[in-house]
């Protein structure tokens, strides 16, 4: 499987670039709309009076179409705040969970084996299948005692190398940012489609990295088959889990390595709806603000 590169396909790269440009465009449109409207509001020393004047101006001194952009601003800010609060809650609950189930004995044995990689590990005394990468600025690879006991040495190495790719690429941070963008721009449904497409490729490339480090696809194949049979597997929202919705494509890559994997980039209906929404936003912006 030497031909399997660790590079994203060109169409995926273009999709991510398009996603970035779209995000910036929407922020500029909505941001300028807000600035355009608050210019009419007199600056007052009393913050409550100023907010009251801003609300009154927003709903009385502007055409109804501008209210559409205002609604999108409120929606995006609400989604952003919701994601931040949710992440803070997950972080606190995760820390409590780790402190309760941390396994120092197994931790020392794993760290000693992968000392040269300088990986930050968290080992949990758990009977569930847990293999994931968490953390934004200082990522960690999390494994459960079940994983260490269930899989042989080669299979465990394959799992760790898979997670090491996520670890080195800072995928937890990437996923958090992309998920926040997708939620804030939910009125452009194609954004979520593009994010989902990238998630699948994250997993495929992580498998390729594991195969490259192991020199064989056999260990990772055995692990994936075992994961499919594991009824205790539960998806974790905090990081990048070893098993997720990309598992079918991952198996396809292993079973038919010579066949090009065709992963849908987006749904045409959602793309059409998103382009229509962008056109509406641009029309309102040009008519009202320019």
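The values are calculated or read from the model by the stated rules, or taken from the named source; none is laboratory data. Remember, predicted model here, so these are calculated numbers, not experimental data. Positions of Cβ are backbone-derived with ideal geometry, glycine not excepted, and every protein chain shown enters the neighbour counts.
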Run residue 154 past the list (1) free of Cβ contacts under 8 Å to residues at least 40 places away in the same chain; (2) surrounded by fewer than 22 Cβ atoms within 10 Å (Cβ to Cβ); (3) more than 24 Å from residue 26 (Cβ to Cβ) and report the number of the one that doesn't hold. (1)
Restricting attention to segment 98-122, and to residues there that are within 26 Å of residue 87 (Cβ to Cβ) and in a loop (DSSP other than H, G, I, E, B), which single residue is modelled with the highest pLDDT? 120
Would you say residue 182 is crowded, with 23+ Cβ neighbours inside 10 Å, touching a helix residue (DSSP H, G or I) at 6+ places or on another chain (Cβ under 8 Å) and in contact (Cβ under 8 Å) with a residue 12 or more places away in the chain? no
Counting only residues that are closer than 21 Å to residue 220 by Cα, in contact with a helix residue (DSSP H, G or I) (Cβ under 9 Å, 6 or more places away or on another chain) and not in a loop (DSSP other than H, G, I, E, B), segment 123-148 contains a total of 13
